[in-house]
Amino acid sequence: MSAPSAPAFPPYDPIKTGPFRFRKLGAKTLVTNDLGRHHLLDEEEFRGFVAGTLEPGTPLHDRLAADGFVRDRMDFDALAERFARRNRFLWQGPALHVVVTTLRCNHRCLYCHASAVPFSDAATDMTVETARKVVDRVFESPSQAITIEFQGGEPLANWPVVEFIVEYAREKNKAAGKSLWLNLVTNLTLMDEEKLDWLLARGVNFCTSIDGPADLHDANRPWSGGASHETAIGWFRKIDARTKRKTFRIDALLTVTRKSLTRARDIVDHYAEIGARGVFLRPLNPYGMAVATWNKIGYTADEFLAFYEEALDRVLELNRERTLRRPFFEQAARLYLAKILTDDDPNFLDLRSPCGAGIGQLAYNWDGSVYTCDEGRMLNRMGDDTFKIGAAGEGAYADVVGHPSVRALAVASTLDNQVACTQCAYKPYCGVCPVQCYKEQGDIMGRMPTNSRCRISKGILDMLFAKLQEPRNEKVFRAWLKKKKGAEVDALYQRA
Amino acid sequence: MSRPTTEASFEVDERIYPLEAVQNAAYAFTDRAFVRLEPGDAGKLKVSLSSKPAPEGPDADTLRGEFDNELVHQALRLRVSESNRKIREFVVTKALVSAQPSAVTAAAAAEAAVACVECAAEGAPSPSAAPEPARIDEALEKEIDRLLAEIEGGDGAGDPLGVAVPWEEKFGAKAKKAEGPKAPAKAKPAAKGGKAKRR
């Protein structure tokens with residue numbers, strides 16, 4: 001019997017060619033490795049690399065060797081150090097603590113992922129007693145960096161508990177000595193001067209939702225009390241002005257709905273006009289109200305990607321025009337670029353392996369129930385308590401973060417355990433959300449070829465690597481990653 | 001309007017493509033086609049593809065051609081992965097050892113001490129109660145053995161990363177309890193940086 005013909009592929013030299021993953025991007029091939037290093041090779045270069053025929057001493061060979069792609073030129077100490085640096089979040093423990101002070105909200109956002117309750121229904125307000133137990137549990141985390149993020153509902157609807165938590169956490173930290181951040185996620189419509197003075201005096205950060213120009217924002221975020229956009233923008237500008245040159249500040253982000261898809265440039269220009277540092281284009285997720293309204297406001301992954309690219313192009317254009325006083329970024333791109341262009345990991349909980357559920361973050365519901373993550377507590381509102389792992393003030397801390405659900409999510413979100421991810425060129429830059437897999441596809445492992453989040457992630461990364469080939473784009477991207485001199489304490493979860 | 005479903009059925013020679021490469025290619029195709037794998041003639045696997053409805057679905061030749069290319073890619077991925085498995089494991093294990101909790105927490109404690117505004121305000125001592133990190137050279141061989149044994153024999157019930165150890169247990173010397181809110185603290189800035197994640 002004659003031998004089968006060899007596949008039409010370049011010969012592979014397993015002695016010279018080190019570990020790599022690859023992906024075709026147009027006429028080029030992207031090669032990456034576990035250290036996050038990457039090279040875009042033309043066809044001849046790729047064949048030479050795979051066949052191990054690149055000449056030592058040539059620039060391409062030496063660049064590949066320096067980045068750990070050439071097997072007989074590996075500096076294991078340096079490679080291990082880089083790998084450890086990129087993955088140092090593994091030993092930190094939960095640093096992000098989402099605290100739901102109430103489920104009440106005065107808005108009725110079309111996509112409300114949190115399934116807020118009517119403003120008059122105070123039954124879901126967290127009590128001070130529960131809040132004390134929550135803060136005590138937060139401070140049990142071995143993480144040196146702690147971020148307490150107030151969420152809801154609208155957290156300001158339960159102002160006494162926000163006040164209590166801020167004071168109690170600051171007080172406890174005198175003993176604990178952690179790097180403590182406090183973030184208030186608010187629609188700003190319940191803000192007043194007195195509250196603002198109090199919060200600014202205590203170094204609280206703010207994050208609000210601005211879904212774009214007034215017509216778009218108000219259509220997505222109905223408020224019976226008045227014009228949501230006008231009120232939010234007014235406070236945004238005021239807080240922005242009062243936090244100039246401070247170490248805390250206000251940021252805004254938007255949720256993209258079908259109404260947004262034709263307004264990419266408008267949205268980006270609006271964010272630039274209000275003086276935001278950047279824009280964060282987040283797709284809809286299958287939680288809460290968004291499930292019921294999906295037919296009205298939802299879209300496909302490909303529709304989102306078309307919108308995203310138009311918006312990203314506008315962001316790049318604004319940066320090149322140099323009419324803004326500082327670099328203006330798109331936050332999803334910035335997170336990926338930090339992983340692509342630096343040896344540091346921004347430790348964004350959705351984009352790491354394993355994800356942050358239980359081991360990087362915890363979410364505390366208004367009644368003190370503890371969930372693996374914010375997504376997990378969102379499912380609670382949909383009648384599913386799969387991701388509840390304990391309660392503040394009950395049981396040991398170790399039992400909460402050691403809960404079987406936490407272990408299962410850690411296994412499911414470790415990309416080496418994901419069939420498609422383990423071979424994907426984007427593995428060093430990506431992450432899966434097992435709770436979203438569970439919600440969308442019925443199990444926490446998910447199936448990446450048909451996973452909408454995977455498609456969006458790949459699409460954005462394809463765009464970024466394509467745009468990185470143009471030096472003028474790379475210049476803009478690198479400016480987004482530049483740290484202010486002496487401005488950053490390198491604490492996980494607390495870096496811009 | 002969607003094009004009608006396209007069918008393609010063919011055999012793959014197992015002497016060229018290992019079963020795992022065929023399975024990986026089939027998995028990658030589940031986004032655009034329904035895939036069936038079954039034994040074919042001796043030494044061959046039969047692949048049947050039926051395209052999913054799409055506005056611009058592929059014709060049969062394209063579907064088959066794309067699958068062939070995917071097979072080639074998956075076969076290479078498999079070879080690269082297998083021939084470099086030990087190197088990858090070595091680098092990862094070495095990194096894990098160098099980043100054992102003791103070493104990491106010591107470095108992180110130093111960072112936090114700089115960022116802790118309450119400490120600065122109170123003149124509190126630095127909370128760097130973490131033990132000195134182990135010296136890598138001395139620990140390397142022992143730790144690699146321990147980690148490998150843990151991976152091979154463990155049931156995932158341990159806490160190798162130390163994330164389940166409560167703060168006061170880990171940094172006991174510093175863990176005096178705060179009693180609760182007192183008078184409003186003097187205005188002071190928060191630690192520097194950005195937000196982790198918001199809704």
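The values are calculated or read from the model by the stated rules, or taken from the named source; none is laboratory data. Quick caveat: nothing in here was measured; it's all calculated off a predicted structure. Here the Cβ is made from the backbone with ideal geometry for all residues, glycine too, and neighbour counts use every protein chain on show. Surface accessibility is based on the protein's heavy atoms, side chains included, excluding ligands, DNA and RNA. Shrake-Rupley method; radii C 1.70, N 1.55, O 1.52, S 1.80 Å.
Quick notes on this one:
- For the segment B:21-31, counting C-beta atoms of other chains within 10 Å of every residue's C-beta and taking the mean gives 3.
- Charge dipole of chain A (Cα centre as origin; +1 on each Lys and Arg Cβ, -1 on each Asp and Glu Cβ, all else neutral): 880 debye, rounded to the nearest 20.
- Mean separation of Cα contacts under 8 Å (6+ apart) over length of segment A:341-470, as relative contact order %: 21
- Förster radius 35 Å - calculated FRET efficiency between B:Ser48 and A:Ile15 (Cβ-Cβ, nearest 0.05): 0.35
- Peptide B:67-78, shielding by other chains (average Cβ, 10 Å cutoff): 3
- When only Cα pairs below 8 angstrom with a gap of at least 6 residues are kept, segment A:100-246 shows a relative contact order of 25 percent.
- Environment charge of B:Gly43, counting only residues whose C-beta is closer than 11 Å and scoring Lys/Arg +1, Asp/Glu -1: -2
- FRET efficiency for the B:Glu169 to B:Gln23 pair, using the beta carbon distance and R₀ = 41 Å, is estimated at 0.35.
- The mean number of Cβ atoms from other chains found within 10 Å of a Cβ in peptide A:198-209 is 3, as a whole number.
- Note on A:Asp72 and A:Ala27: with the Förster distance fixed at 30 Å, the Cβ-Cβ geometry gives a FRET efficiency of about 0.55.
- Pairwise label distance in nanometres, B:Arg36 with A:Asp215, each label 7 Å out on the Cα-Cβ vector: 5.3
- Most positive-pole-ward Cα, A:Ile250, A:Leu281, A:Tyr308, against dipole of segment A:203-359 from beta carbon charges: A:Ile250
- The dipole here belongs to segment A:133-191: it is taken about the Cα centre, uses +1 on the Cβ of Lys and Arg and -1 on the Cβ of Asp and Glu, and is about 200 debye.
- Charge sum, other residues only, whose C-beta stays under 11 Å from A:Gly376's C-beta, Lys/Arg counted +1 and Asp/Glu -1: 0
- Here the Kirkwood formula, the inverse mean of 1/r across different C-alpha pairs, assigns chain A a hydrodynamic radius of 24.0 Å.
- Area accessible to solvent at A:Glu321, 1.4 Å probe radius, in Å²: 90
- Global geometry of segment A:130-210, whether rounded, prolate or oblate, following the gyration tensor of its Cα atoms and the 1.5 cut on a/c: prolate
- Taking a sphere under 15 Å around the Cβ of A:Lys195 and counting the other residues whose Cβ falls inside, with K and R at +1 and D and E at -1, yields a net charge of -4.
- Using the alpha carbons alone, the radius of gyration of segment A:275-413 stands to its Kirkwood radius in an Rg to Rh ratio of 1.06.
- Over chain A, Cα pairs under 8 Å with separation of 6+ residues give a relative contact order of 17 percent.
- By accessible area with a 1.4 Å probe, ligands and nucleic acids excluded, highest first: order of A:Cys430, B:Cys116: A:Cys430, B:Cys116
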